[in-house]
Amino acid sequence: MSLWEYANPVKFMRLSGAVLPWAVFAAAFCTIGGLVWGFLTPEDYRQGSTVKIVFIHVPAAMMAINIWVMMLVASLIWLIRRHHVSALAAKAAAPIGAVMTLIALATGAIWGQPMWGTWWEWDPRLTSFLILFLFYVGYIALWPAVDDADSAADLTGWLCIVGSVFALLSRYAVLFWNQGLHQGASLSVAPGERMSAVYRYPLYLTMLGFFLLFLALLLIRTRTEIRRRRLAALQAREARA
């Protein structure tokens, strides 16, 4: 059995239909459980209750970057192998990634205001994240702007490759530039830099929940895109008859 078999829309629909209910249940359990657990944690001795924004901000920021990486992989598969399901999966993922990026920017501003004394700063990571959001918006807008679906997939695929630079900058900006208000990574394996276990474990659960939430939404949206493509093909066939 080859992984490429699931690039077949029929097989993808069958597999995703079986996986989807479990993904929805697991996403709800982990996300709700992680958030409730996180918001029941004690206040931080320096940041007070504002530290609890981490349970939304970090998972959203993580997914914002990783969804773009997933779109990059799917776009490369389309450009190289011409599998339509991969192009439709990238298209389906983009609005989810845009929302995750917007949540990360909004929660970052809410968290930053009491900590930095400002809602926004042209910090390297914040700026690269804003540019990543604009790439998401451009990617979403480009699909309906091109009449031919395959040409739209080609153009958005190349846009995704270019935007990947800013996805990487969003992740590693604080390592490239020392200036800026944004702190380093919230989760680290370096000695003395690890987050307290009282915050770390609920954060892990919430991150898993956000990933599963993305997976469930991706399956739903990709299945919708496949059905929409089938409907368009049927309508075109009837118009020619």
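The values are calculated or read from the model by the stated rules, or taken from the named source; none is laboratory data. Keep in mind that what you see is a predicted model, and the values were worked out from it rather than measured. Cβ placement follows ideal geometry from the backbone for every residue including glycine, while neighbour counts extend to all protein chains displayed. Heavy atoms of the whole protein, side chains included, go into the accessibility calculation; ligands, DNA and RNA do not. Shrake-Rupley method; radii C 1.70, N 1.55, O 1.52, S 1.80 Å.
Data table
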{"quantity": "Of all accessible heavy-atom area on the stretch 77-131, the percent that carbon and sulfur account for (1.4 Å)", "calculated": "70 percent"}
{"quantity": "Packing-based order for 86-94, 219-227, 142-150, using average beta carbon neighbours within 10 Å, highest first", "calculated": "86-94, 219-227, 142-150"}
{"quantity": "Environment charge of residue 12, counting only residues whose C-beta is closer than 10 Å and scoring Lys/Arg +1, Asp/Glu -1", "calculated": "+2"}
{"quantity": "Ranked by how many other beta carbons lie within 10 Å on average, peptides 196-208, 108-120, 55-67 from highest", "calculated": "55-67, 196-208, 108-120"}
{"quantity": "Kirkwood hydrodynamic radius over Cα pairs of the stretch 1-144, then Stokes diffusion coefficient at 20 °C and 1.002 mPa s, in µm²/s", "calculated": "122 µm²/s"}
